Amino acid sequence: MFENLSLFPETASRIASEVDALTFFLAAVSLFFVVLIAGCLVILSLRFRRTRAQQSEQIEGSLALEALWTVIPLIIVLCSFGWGAKLYYEMRTPPKEGMQFYVTGKQWMWKVQHPTGQREINSLHVPVGETILLTMTSEDVIHDFFIPAFRVKADTVPGMYTSMWFEATKKGTYHLFCAEYCGTSHSEMIGEVVVMDPADYQEWLNGQPAGKNPIESGKILFENLRCDTCHAAGSGQRGPDLAGRFGLPARLSDGQTVLFDEDYVRESILEPNKKLSAGFQPLMPTYQGQVSEDQLLHLIAYIKSMTDSEADSE
Ligand code: CUA
């Protein structure tokens with residue numbers, strides 16, 4: 001619908017047409033009432049204008065009318081809410097399986113790393129028909145990753161991770177914008193998303209300098225920073241074993257429970273004693289200033305991948 005009208009961006013992702021349908025529904029409802037009310041206003045003011053001295057019939061109260069104009073708007077509003085909530089939930093709940101990309105915003109560029117390690121700046125190449133998961137952060141100020149053709153948009157915030165997902169349904173090149181004013185060159189913080197056949201994507205990947213994938217980089221870093229001396233099973237257990245912990249609740253020394261997720265790992269690397277794991281001493285030094293945003297993402301990718309729990313630690 002409306003593809004040929006350049007007022008609307010292309011619809012090139014799985015949820016795009018659903019978002020459009022809701023938008024058109026809301027626009028249609030608003031238009032209907034604008035026309036109805038404005039129309040009545042014009043017609044009635046012409047019909048009952050003073051010079052013609054025509055009197056309208058006075059209505060002294062009508063339960064049927066009151067009920068009608070309460071119930072009808074209520075139904076419309078509840079429908080829009082239900083529809084919007086369902087769609088929002090769908091957009092904010094990433095599928096379990098998918099290709100994990102990492103995005104870092106920085107004044108004034110987008111840095112992207114592919115699941116296999118390739119990097120690019122201000123462009124994102126993805127295969128068509130695959131679930132693409134993005135874990136995003138910023139190195140400086142708040143930016144906003146926006147791909148109009150996919151109807152997806154999310155802030156990237158320094159000091160925390162946000163996520164986003166999409167499935168491109170149509171090959172082509174689409175706009176990528178920063179949608180949050182972030183300084184002088186905000187308007188130049190743009191790029192493109194290139195959706196390709198899976199085979200072409202593979203070929204494109206092969207043509208890029210590969211380097212290590214985020215999990216491998218994370219593993220090397222984990223060893224270089226000597227994280228493994230405390231955080232491995234059977235090492236005297238100065239720190240908790242991290243294998244198989246990701247995505248599960250973690251018990252803290254103050255009795256609270258937090259979710260062992262990206263943000264928790266990040267915080268524990270930078271401020272280790274803020275949320276101390278239950279049963280451990282505050283021995284870990286901070287790694288603030290020693291690891292970059294990219295390296296933090298790699299450590300997280302590696303810790304996420306540690307599934308073979310050997311020891312039962314808690
Ligand atoms: Cu980055 Cu605007």
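If you build a Gaussian network model of the chain, linking Cα atoms that sit under 10 Å apart, which residue out of Gly82, Gly239, Gly172 swings the most?
Comparing Gly82, Gly239, Gly172 in the GNM, the peak value goes to Gly82.
Given an 8 Å cut-off on Cα distances and at least 6 residues of separation, report the relative contact order of the chain as a percent.
15 percent
Could you please report the charge total around Pro282, scoring K, R as +1 and D, E as -1 over all other residues with beta-carbon less than 13 angstrom from its beta-carbon?
+1
Past the 26 angstrom mark, what percentage of all C-alpha to C-alpha distances in the chain do you count?
Every Cα pair in the chain considered, those over 26 Å come to 60 percent.
Solvent-accessible area per residue for the stretch 98-226 at a 1.4 Å probe radius, Å²?
Details: 5500 Å² over 129 residues.
In whole numbers, the stretch 98-226 has 43 Å² accessible per residue.
Taking N as the number of residues in the stretch 214-313, what value does Rg over Cα atoms divided by 2.2 N^0.38 Å take? Don't jump to the answer; show the numbers that get you there.
Details: Rg = 12.4 Å, N = 100, 2.2 N^0.38 = 12.7 Å.
Dividing the Cα radius of gyration by 2.2 N^0.38 Å gives 0.98.
Let me know the Rg and Dmax you get for the stretch 68-122 when you use only its Cα atoms, in Å.
So, for the stretch 68-122, Rg and Dmax equal 20.1, 61 Å respectively.
Choose one answer from Leu221, Leu41, Leu276: the residue with the largest mean-square fluctuation in a GNM of the chain with alpha-carbon springs under 10 Å.
Leu41
Please identify the helices of the chain, taking whole runs of DSSP H, that span at least 24 Å along their own axis as judged from the Cα atoms and have a mean Kyte-Doolittle score of -1.0 or higher.
Answer set is 16-47, 63-92.
Kindly give Rg over Rh for the stretch 103-224, based on alpha-carbon atoms, with the Kirkwood expression for the hydrodynamic radius.
Radius of gyration relative to Kirkwood radius: 0.97.
Within the chain, what whole-number % of the accessible surface is contributed by carbon and sulfur, with the 1.4 Å probe and all protein chains included in the calculation?
59 percent
In a Gaussian network model over the chain where Cα atoms closer than 10 Å are linked, find which of Trp110, Trp165, Trp69 has the largest mean-square fluctuation.
Trp69
Among Lys86/Lys304; Lys106/Lys274; Lys96/Lys153; Lys111/Lys212; Lys86/Lys106; Lys111/Lys153, which pairs are too far apart, with a Cα-Cα distance over 23 Å?
Lys86/Lys304; Lys106/Lys274; Lys86/Lys106
Throw me the Rg/Rh for the stretch 24-121, computed over C-alpha atoms with Kirkwood Rh, two decimals.
A ratio of 1.35.
Using all Cα-Cα distances in the stretch 155-215, what percent lands in each 5 angstrom bin from 0 up to the longest?
4, 12, 14, 20, 21, 18, 10, 1
Report the one residue of Val152, Ala179, Gly82 whose Cα lies farthest in the direction of the positive end of the charge dipole of the chain (charges on C-beta: Lys and Arg +1, Asp and Glu -1; origin at the Cα centre).
Comparing the listed Cα positions along the dipole, Gly82 ranks first.
The values are calculated or read from the model by the stated rules, or taken from the named source; none is laboratory data. Remember, predicted model here, so these are calculated numbers, not experimental data. Cβ: placed from backbone, ideal geometry, glycine included. Neighbour counts: every protein chain shown. Note: areas computed on protein heavy atoms with side chains; ligands, DNA, RNA excluded. Shrake-Rupley method; radii C 1.70, N 1.55, O 1.52, S 1.80 Å.
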